Amino acid sequence: MGTTWVFGYGSLVFRPGFAFLDRQRAVLPGHRRVFFQGSPDHRGTPDAPGRVVTLEPHAAGAVGGMCFLVAEDAFGAVIDALDEREQGGYVREVMQVHGDAGPLSAWVFYATPDNPHYLGPASPAAIAAHAHRATGPSGANREYVLRLAASLRDLGFDDAHVFAVERELLALGDAGG
Ligand code: BEZ
């Protein structure tokens, strides 16, 4: 049976949402994870998009995440599910990652600055303020940030940007505004 790997660095880390045969921690070199993508359909609405992560090239960077092994004949369904779930401007590409068990080629989904939902850079405080008030069909943007940060911590990954946004968000308290 043919198989393929999918690298998750955002919601896939805590909610893959598809069947997989195996998984392992993995690191994608040469990139950083940033809350620069707007989510008009999951953690926000078209009028008030949330902020979710994408990747950007960063020579000295390394992004910790989770690689999922998927049966090749199920991959079409995975793509369909991710395209439907993350329809806000993501493209996909095979990249080389360092899995805990060795090097892997894996599909990676990311959003580029030329997509219509891209929001771009902002300070951790501004991103947190945004996430504090946004909510969409998949739930509160706040929950997305906190679950991602907690999952990365559980997996033993450090991510200064994610943890800075988490810190700012926690300082804002519980409820959205
Ligand atoms: C992720 O969780 O890694 C992810 C999945 C689909 C699109 C973007 C990111």
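Readers should treat all values here as calculations from the given coordinates under stated rules, not as data from a laboratory. Because the structure is predicted, anything quoted here is derived from the model rather than measured. Ideal geometry is used to build each Cβ from the backbone, glycine not excepted, and the neighbour counts take in all protein chains shown.
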How far apart, in nanometres, would the label points at S123 and R92 be if each is projected 7 angstrom from Cα along the Cα-to-Cβ direction?
3.8 nm
For the chain, what does -39500 (n - 2.57) per DSSP helix run (n ≥ 4), summed and divided by total residues, give at 222 nm, in deg cm²/dmol to the nearest 500?
-9500 deg cm²/dmol
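Based on the Cβ-Cβ distance of T45 and L155, what FRET efficiency does E = 1/(1 + (r/R0)^6) give at R0 = 41 Å, to the nearest 0.05?
0.85
How high is the FRET efficiency from D114 to T3, r the C-beta distance, R0 25 Å, rounded to 0.05?
Numbers: r = 32 Å, r/R0 = 1.29.
According to the calculation, E is roughly 0.20.
For the range 120-177, what does the convex hull of the Cα positions come to per residue, in cubic angstrom?
That works out to 86 Å³ per residue.
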Which of the listed residues, L21, G50, V78, is farthest toward the dipole's positive end in the range 1-137, when Lys, Arg count +1 and Asp, Glu count -1 at the beta-carbon?
G50
Among G139, G61, G102, which one shows the biggest mean-square fluctuation in a GNM of the chain, springs joining Cα atoms closer than 10 Å?
G102
To the nearest 0.05, how large is the calculated FRET efficiency for L21 and R133 if R₀ is 35 Å and r is the Cβ-Cβ distance?
0.35
